[in-house]
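Okay, structure first, notes after.
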Amino acid sequence: MFSLREWADGSPERLWAGTVGALLVALIGGSILAPETVYDGFVWHYFWGPVQADAHNAVCAIRPGSTVEYLYSTSACQAAAEPVAYPGYTVVSEIGYIVALLITITGVVLLLKQLGIGEDRGLFWAMVPFMLLGGALRTVEDAHNAMGDSWFDYPLNTLLISPIIYVTLFVIALACILLSLWLARQGYVDDYVRPLTAMGSGAFLLSVGYLSYLAATDPQVQFYPLVLLAMVGLSAAAAVGTWYAIETFAPGINQGTGIAGGMVLVAHAVDGAANVIGLDYLMALGVPYNLNPKHPANQFIVDLFGAAWPFLVVKMAAATFLIWVFEPELVEETPRYTTLLLIAVSAVGLGPGSRDLLRSVFGV
């Protein structure tokens with residue numbers, strides 16, 4: 001008789017594949033057997049619908065029957081029958097993305113084990129440019145939204161909208177990792193880290209260069225240097241101040257992560273500073289409008305305090321807690337897993353933070 005435990009014993013890869021397969025069967029099977037409940041009310045409402053609304057620059061998307069319609073006024077969205085999908089995130093979608101992230105990290109750990117990499121911090125530092133690349137590519141889509149009609153329309157632009165952009169970035173990063181490993185193992189380079197870092201950095205600079213080209217050629221995209229100076233200055237002050245406080249008063253917090261812990265602080269300082277300035281001070285710096293919160297946590301803090309500055313405090317406190325979790329024993333016993341976790345906790349700050357920074361700097 002078939003036994004799932006016997007099938008999975010001695011093979012974490014099989015257990016991971018079985019778990020992912022079971023989840024896919026549940027979602028796909030549920031969407032077929034109970035489409036209004038599973039697909040319309042869950043998958044489309046919280047995950048794919050927001051992507052479609054964002055891709056069409058609509059206030060919301062609705063799904064009457066098996067069709068999708070886009071509404072461009074708040075009142076029409078409020079009067080529409082559920083399911084109504086708005087661009088951005090909800091509590092349900094963020095929980096779903098966290099679960100997906102944890103499953104993905106586990107799968108990537110198994111993949112890195114097969115490739116024989118990830119036990120040192122080289123992979124972590126090489127992934128930093130890819131985190132920035134995610135924010136830059138997302139801003140490219142924002143810029144084309146601001147420009148209106150362009151060559152980068154639906155459905156192509158969904159590749160750069162959350163959550164699809166995470167798949168896009170994963171494919172890009174994996175291709176670069178495999179190419180870098182090939183270069184190293186063929187003897188063209190000493191190790192894979194340098195070419196991997198160069199590939200990510202080059203892609204990020206190309207994306208920012210494209211945004212700069214749009215700023216120079218299209219009136220809907222502008223460049224605001226004061227915004228850049230303000231955001232970089234505030235994020236640097238927050239990261240350095242928090243690092244100094246940790247090293248002075250509680251150095252044990254950062255014992256497991258070392259300098260990588262400083263990068264975690266920088267990542268979340270960028271996110272916090274971009275939100276503070278983007279939500280409250282863009283108009284004071286010459287931009288015609290302030291940004292609107294796109295995450296439930298941002299919106300909750302703004303609603304509670306009437307300002308965005310507490311979000312920066314929360315981000316730095318959360319980043320401090322995250323690096324404290326990485327105890328030296330944990331890092332020593334599971335180096336590959338902790339490397340992936342460090343990448344993940346940095347990416348959830350630097351990815352959206354760099355997007356908000358670049359959106360503000362280029363006025364899109």
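The values are calculated or read from the model by the stated rules, or taken from the named source; none is laboratory data. None of these values were measured; they are calculated from a predicted model. For neighbour counting, all protein chains shown are included, and Cβ atoms are generated from backbone atoms with ideal geometry for every residue, glycine included. Each accessible area value is taken on the protein alone, full model and side chains, heavy atoms only, with ligands, DNA and RNA left out. Shrake-Rupley method; radii C 1.70, N 1.55, O 1.52, S 1.80 Å.
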Quick one: how many residues across region 146-183 are outside any helix (DSSP H, G or I) and either open to solvent by less than 40 Å² (accessible area, probe 1.4 Å) or touching a Ser or Thr at 6+ places or on another chain (Cβ under 6 Å) (or both)?
-> 6
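Yes/no matrix, rows are residues, columns are (1) part of a helix (DSSP H, G or I); (2) among the polar types (S, T, N, Q); (3) at pLDDT 95 or above; (4) more than 18 Å from Ser360 (Cβ to Cβ):
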site: Phe223; (1), (2), (3), (4): no, no, yes, no
site: Val240; (1), (2), (3), (4): yes, no, yes, yes
site: Ala245; (1), (2), (3), (4): yes, no, yes, yes
site: Gly252; (1), (2), (3), (4): yes, no, no, yes
site: Leu265; (1), (2), (3), (4): yes, no, yes, yes
site: Gly272; (1), (2), (3), (4): yes, no, yes, no
site: Gln299; (1), (2), (3), (4): yes, yes, no, no
Starting from region 189-212, take each residue that is over 12 Å from Cys176 (Cα atoms) and in contact (Cβ under 8 Å) with a residue 40 or more places away in the chain and list its partners that are in a helix (DSSP H, G or I) and open to solvent by 40 Å² or more (accessible area, probe 1.4 Å), counting only C-beta distances under 9 angstrom and pairs at least six apart or across chains.
-> Phe204/Leu132; Ser207/Leu132; Val208/Leu132
Members of region 274-297 found to be outside any helix (DSSP H, G or I), in contact (Cβ under 8 Å) with a residue 24 or more places away in the chain, closer than 16 Å to Val227 by Cβ and touching a helix residue (DSSP H, G or I) at 6+ places or on another chain (Cβ under 8 Å), listed by number = Tyr281, Leu282, Gly286, Val287, Leu291
Residue that is farthest from the chain's Cα centre (by Cα) [pool: residues in region 155-192 that are over 30 Å from Gly96 (Cα atoms) and of a type in the set (S, T, N, Q)] = Gln186
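Quick grid of which residues meet (1) in contact with a Gly (Cβ under 7 Å, 6 or more places away or on another chain); (2) in a helix (DSSP H, G or I); (3) at pLDDT below 95; (4) buried (at least 20 other Cβ atoms within 10 Å of the Cβ):
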{"site": "Ala307", "(1), (2), (3), (4)": "no, no, yes, no"}
{"site": "Thr339", "(1), (2), (3), (4)": "yes, yes, yes, yes"}
{"site": "Ser346", "(1), (2), (3), (4)": "no, yes, no, yes"}
{"site": "Ser354", "(1), (2), (3), (4)": "yes, yes, no, yes"}
Restricted to region 184-196 and to residues being within 19 Å of Asp120 (Cα to Cα) and open to solvent by 40 Å² or more (accessible area, probe 1.4 Å), the residue modelled with the highest pLDDT is Arg194
